[in-house]
Amino acid sequence: MQVINGDSFTILPTLEANSIQCCVTSPPYWGLRDYDHAAQIGAEPSPDLYVENLGVVFQEVYRVLRSDGLLWLNVGDGYARNGGTGRCGPNAIVGNTKKLIQKRNCKVPECWGLKDRDLMGLPWRVAFALQAKGWILRSHITWVKKTAMPESVKNRPTNATEEVFMFAKSPTYYYNSGAVREPTGANLRNYWVLGPDVNGNGHPAAFPRELARRCILLGSRMGDTVLDPFAGSGTTGVAAVELNRKAILIELNPMYAEIGKERMRYAKTTRIETANT
Ligand SMILES: C[S@@+](CC[C@H](N)C(=O)[O-])C[C@H]1O[C@@H](n2cnc3c(N)ncnc32)[C@H](O)[C@@H]1O
């Protein structure tokens with residue numbers, strides 16, 4: 001296992017081509033949080049630049065992925081607003097959000113014909129950008145959140161879902177449909193009802209370990225290498241270690257990289273050496 005503290009833009013090109021079986025990741029959402037680094041993704045002055053930057057990063061992921069590999073990508077949306085941050089909701093002023101990012105998220109961006117209160121559709125815009133760069137979009141999973149972020153809105157339903165896209169590099173790829181099934185035994189459906197992990201892990205935007213676990217089980221074998229270029233607190237790495245996969249994690253913020261290392265070390269010492277598929 002390897003946790004690299006650095007910028008995915010510069011680290012990914014140093015990784016060997018065709019060396020990764022499965023990538024499971026969640027980049028920062030545009031304009032939402034400040035990860036306190038000049039090279040961070042998500043702080044671009046406009047969302048079209050954000051989509052462009054993600055296109056560059058995932059072109060490198062494409063290069064390092066094996067030809068039968070899979071990319072699982074979780075991306076969140078946001079609203080175009082003039083003014084309008086509150087304590088809750090997609091434009092909320094959250095704990096570690098700095099003034100600059102808030103300001104960017106308080107003015108309707110001049111792209112895509114966006115208007116005040118428009119949902120920007122960022123997950124699908126990113127998905128289409130990746131499709132145009134050669135990725136094959138095979139599935140979109142709706143992650144239904146058991147505990148959604150509260151929103152004080154009265155003029156639309158509260159958001160309680162996010163997208164997880166499954167991309168392949170080639171029309172045929174490794175996918176173990178037997179590794180995760182519905183409770184009835186049927187093929188897994190494309191909506192996953194998942195709650196947050198009970199023990200916080202010191203990151204404001206961690207995804208549930210079960211989300212990473214499913215993607216890894218479906219998209220890799222024991223001993224394969226799993227990548228997360230936006231590792232945060234290392235949830236993908238923890239799930240990979242628990243499932244006897246190798247992991248390469250890249251994280252810009254040294255504090256989160258350290259948390260990821262520590263969590264993976266702990267997972268390694270406590271994992272049960274059972275045969276996983
Ligand atoms: C949504 S969080 C990932 C959370 C992670 N899935 C978890 O469960 O903890 C995105 C992470 O990407 C990192 N990041 C932002 N820009 C980056 C870049 N250019 N290279 C590497 N990491 C970056 C941020 O510091 C942040 O921790």
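Restricted to region 15-69, and to residues there that are surrounded by fewer than 19 Cβ atoms within 10 Å (Cβ to Cβ), within 12 Å of the ligand (Cβ to nearest atom) and of a type in the set (G, A, S), the residue that is modelled with the lowest pLDDT is A38. Restricting to region 226-257, what's the tally of residues that are over 21 Å from E210 (Cβ atoms), more than 7 Å from the ligand (Cβ to nearest atom) and in contact (Cβ under 8 Å) with a residue 60 or more places away in the chain? Residues that pass the stated criteria total 3.
Restricting A168, A212, A205 to residues that are under 18 Å from V24 (Cβ atoms), modelled with pLDDT under 95 and of a type in the set (A, V, I, L, M) narrows the list to A205. Restricting attention to region 208-229, the residues being surrounded by fewer than 24 Cβ atoms within 10 Å (Cβ to Cβ) and in contact with a helix residue (DSSP H, G or I) (Cβ under 7 Å, 6 or more places away or on another chain) number 2. Taken over region 213-225, the criterion of being touching a residue at least 24 places away in the same chain (Cβ under 8 Å) and assigned to a loop (DSSP other than H, G, I, E, B) is satisfied by S220, R221, M222, D224. Residues that are in contact with a Phe, Trp or Tyr (Cβ under 6 Å, 6 or more places away or on another chain) and surrounded by fewer than 23 Cβ atoms within 10 Å (Cβ to Cβ) do occur in region 181-193, at least one of them.
Here E210 clears all of (1) part of a helix (DSSP H, G or I); (2) over 27 Å from S67 (Cα atoms); (3) not small (G, A, S) except the condition numbered (2). When region 111-126 is filtered for residues that are part of a loop (DSSP other than H, G, I, E, B) and charged (D, E, K, R), the ones remaining, listed by number, are K115, D116, R117, D118. Y174 satisfies every condition listed in (1) in a loop (DSSP other than H, G, I, E, B); (2) hydroxyl-bearing (S, T, Y); (3) within 16 Å of the ligand (Cβ to nearest atom); (4) closer than 30 Å to A132 by Cα except (3).
For residues in region 240-260 being touching a strand residue (DSSP E or B) at 6+ places or on another chain (Cβ under 6 Å) and surrounded by fewer than 20 Cβ atoms within 10 Å (Cβ to Cβ), which is nearest to T25 (Cα to Cα)? Within region 240-260, the match that is nearest to T25 (Cα to Cα) is K246.
The values are calculated or read from the model by the stated rules, or taken from the named source; none is laboratory data. These numbers come from a predicted model, not from an experiment. No Cβ is skipped: glycine too gets one built from the backbone with ideal geometry, and neighbour counts run over all protein chains shown.
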